[in-house]
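A short write-up of the structure that comes next.
Any read-out appearing in this document is the output of simple, stated calculations on the displayed coordinates, not a laboratory observation. Predicted model, so just to flag it, every value in this text is computed and none were measured. We place every Cβ from the backbone using ideal geometry, glycine too, and count neighbours over all the protein chains shown.
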Amino acid sequence: MRKLLLLVIIFLVILFFLYLPELFPSCACCGKKKPRPFFRIHRAVSLSLGYRGCRSVCTKCCRKHDLKDLKDLDRLVRINRKVRIRQLSDDL
Ligand SMILES: [Zn+2]
C-alpha cells in the first residue's frame, strides 16, 4: 500500500513540473517568471514540453513595448539584437 502512495506522489510531482510552465510562464521579453494571470500573450510554439514549448509575454512588457502578438515580439527581438551589435561595434 505504501508503494502505491509513493508512486502517486511521484506521478503528481512529474505532473506538477510538466504544468509549471503553464502556471508560471517565463516572459520572453524580460525573462521573469510570473503567475499565468499576469500574461497577455501565451502560445504553444512547439511540441516540446517545458519552457521551450511555449512563448509568453507579460502584460507589463506588452504595455511597455506595445506588443499585440508574437510577431511584434519577434520584431522587437530583432531590433534589440541590431542595437546591441551596433553598440558592440561602437565599443570596439
Ligand atoms: Zn515581461
- Query: What shape does the range 1-41 take by its C-alpha gyration tensor, where a ≥ b ≥ c are the square roots of the eigenvalues and a/c under 1.5 counts as rounded, a/b above b/c as prolate, and the rest as oblate?
  - Reply: prolate
- Task: Give a residue-ordered list of calculated ³J(HN,Hα) values for the range 58-71 (Karplus: 6.51 cos²θ - 1.76 cosθ + 1.60, θ = phi - 60°; whole Hz; x for Gly, Pro).
- Result: 6, 4, 4, 5, 4, 6, 5, 9, 6, 8, 10, 8, 5, 5
- Item | Spacing of the two label points (7 Å from each Cα toward its C-beta) at residue 49 and residue 15, in nm | 1.3
- Task: Can you list which of the trypsin sites (Lys or Arg not before Pro) found in the range 1-33 are DSSP loop residues with at most 13 other C-beta atoms within 10 Å?
- Result: 32
- Report the FRET efficiency, 1/(1 + (r/R0)^6), for residue 30 and residue 79, where r is their Cβ-Cβ distance and R0 is 25 Å, rounded to 0.05. 0.95
- Message: Just to be sure I understand the model, the point goes 7 Å from the Cα along the line to the Cβ. What's the resulting residue 87 to residue 6 distance in nm?
- Response: 5.2
- Only helical DSSP H runs with n ≥ 4 go in: add -39500 (n - 2.57) per run for the chain, normalise by residue count and round the 222 nm mean residue ellipticity to 500 deg cm²/dmol. -18500 deg cm²/dmol
- Task: Once you have the Cα-Cα distance between residue 38 and residue 69, take 0.36 nm times their residue separation minus that, and quote the gain in nm to one decimal.
- Result: 9.6 nm
- Message: With an 8 Å Cα cut-off and a minimum separation of 6 or more residues, compute the relative contact order for the chain in percent.
- Response: 20
- Message: Using amide H atoms built in the peptide plane, which far-off residues or other-chain residues are under 5 Å from residue 39 H to H?
- Response: 59
- Rounded to whole Å and sorted largest first, what semi-axes of the equivalent ellipsoid does the C-alpha gyration tensor of the chain yield via the square root of 5 times each eigenvalue? 36, 15, 11
- Query: Tell me which aspartates and glutamates have Cα within less than 13 Å of residue 64's Cα, excluding those fewer than 8 residues away on the same chain?
  - Reply: 72
- ³J(HN,Hα) computed for each position of the range 13-24 - Karplus, 6.51 cos²θ - 1.76 cosθ + 1.60, integer Hz, glycine/proline x: 5, 4, 4, 4, 5, 5, 8, 4, x, 6, 7, 10
- Cross-link list 32/60; 60/82; 33/68; 33/82: which exceed 18 angstrom alpha carbon to alpha carbon? 60/82; 33/68; 33/82
- Message: If the only charges are +1 at each Lys and Arg Cβ and -1 at each Asp and Glu Cβ, what is the size of the charge dipole of the chain around the Cα centre, to the nearest 20 debye?
- Response: 120
